[in-house]
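The values are calculated or read from the model by the stated rules, or taken from the named source; none is laboratory data. Keep in mind it's a predicted model, so treat the numbers as computed, not measured. Positions of Cβ are backbone-derived with ideal geometry, glycine not excepted, and every protein chain shown enters the neighbour counts. Remember, those area values only see protein heavy atoms, side chains included, never the ligands or the DNA or RNA. Shrake-Rupley method; radii C 1.70, N 1.55, O 1.52, S 1.80 Å.
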Amino acid sequence: MLVAAAVCPAPPMLLPELATGAAAELGDARTACSDALSVLTASRPDLLVVVGAADPDHHGPYPQGARGTFRGFGAGADVRLGEGEEGPRLLPTALAVGAWLLGRAGWGAAPVEGFGAGPLDTGRCLEAGRELAAREARVALLVMGDGSACRSLKAPGYLDERAAAFDAEAARALGAADLPALAALDAGLAAELQAAGRAPWQVLAGAAEGAGLEGRLLYEDAPYGVGYFVAAWS
């Protein structure tokens, strides 16, 4: 059963060495992520699963010890998903950012694995979440994903007038642990707005069914025209 969840954004610029001169702009987001991860530690899970956006080639489970890299973004640092033998596949970027957050927090409270949520339809996301929640008696999720990438003229997806409303509803649903609202996020619209968090959030919605968790929104902003949210569920 799911006992806690933390929702965090997944931009590589969360790493200060990648953000360089703009590192301070995401300082509040890093602090909020740390606060959300403390909720996971306090939940004393038997298993932590990091869930993040992934392309179809990187969909599916990743074992403890899987390696991620930020070399393609200009940083030489590699990360590992907990301790264990390195797997054959590199972590998708969202899971690598999650692994970095866990390393920064000194995670050691429970075994940790990963799940790459490819561009699945809503039904498959919900089912994947149910399966993850059934893995152990006490499961926690670290859910990595961004909102729309269309909040400003300089955003990666340029300005789309639908983006602000989409992000507002996503932020509200994440802060309220509103499972029906998360499940109702439109996959087609999310794809048009380049909202990579839609599938991971819907995996979370499936995992949280019947768990009775309450949510808190800890951070909401769009500093680079991309919606970033941090929430904690317990």
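Would you check if there is a residue in segment 70-79 being modelled with pLDDT under 95, more than 25 Å from Ala36 (Cα to Cα) and open to solvent by less than 20 Å² (accessible area, probe 1.4 Å)?
Taking every residue of segment 70-79 in turn, at least one turns out to be modelled with pLDDT under 95, more than 25 Å from Ala36 (Cα to Cα) and open to solvent by less than 20 Å² (accessible area, probe 1.4 Å).
Quick one: Asp160 ticks every box in (1) more than 16 Å from the chain's Cα centre (by Cα); (2) in a helix (DSSP H, G or I) except a single one, so which number is it?
(2)
Could you list, in sequence order, the residues of segment 102-127 that are touching a residue at least 24 places away in the same chain (Cβ under 8 Å) and more than 13 Å from Val49 (Cα to Cα)?
Gly103, Arg104, Ala105, Gly118, Pro119, Leu120, Asp121, Thr122, Cys125, Leu126, Glu127
Keeping to segment 39-83, report how many residues are among the small types (Gly, Ala, Ser) and within 14 Å of Leu142 (Cα to Cα).
Count: 5.
What pairs come up if the first residue lies in segment 197-225 and is over 17 Å from Ala94 (Cβ atoms), the second is of a type in the set (Lys, Arg) and open to solvent by 10 Å² or more (accessible area, probe 1.4 Å), and their beta carbons are under 6 Å apart, counting only those six or more places apart or on different chains?
From segment 197-225, the pairs are Gly206/Arg130; Ala222/Arg151; Gly225/Arg151; Gly225/Lys154.
Out of everything in segment 3-39 that is farther than 26 Å from Ser148 by Cβ and hydrophobic (A, V, I, L, M, F, W, C), what residue ends up being nearest to the chain's Cα centre (by Cα)?
If we take residues in segment 3-39 being farther than 26 Å from Ser148 by Cβ and hydrophobic (A, V, I, L, M, F, W, C), then Ala4 is nearest to the chain's Cα centre (by Cα).
Looking at segment 35-50, can you tell me whether even one residue there is modelled with pLDDT of 95 or more, assigned to a helix (DSSP H, G or I) and among the acidic types (Asp, Glu)?
Yes, segment 35-50 contains a residue that is modelled with pLDDT of 95 or more, assigned to a helix (DSSP H, G or I) and among the acidic types (Asp, Glu).
Mind telling me which of the residues Pro88, Pro61 ends up being within 30 Å of Ala177 (Cα to Cα), outside any helix (DSSP H, G or I) and open to solvent by 60 Å² or more (accessible area, probe 1.4 Å)?
Pro61
Could you check Ala191 against (1) within 20 Å of Pro92 (Cβ to Cβ); (2) aliphatic (A, V, I, L, M); (3) buried (at least 17 other Cβ atoms within 10 Å of the Cβ) and say which number it fails?
Exception for Ala191: condition (3).
May I ask you to verify whether Ala163 is in contact (Cβ under 8 Å) with a residue 40 or more places away in the chain, open to solvent by less than 10 Å² (accessible area, probe 1.4 Å) and more than 24 Å from Gly206 (Cβ to Cβ)?
So Ala163 fits the description; yes.
Which of the residues spanning segment 199-234 are assigned to a strand (DSSP E or B), open to solvent by 50 Å² or more (accessible area, probe 1.4 Å) and farther than 20 Å from Leu48 by Cα?
Hits for segment 199-234 are Leu217, Leu218, Glu220, Asp221.
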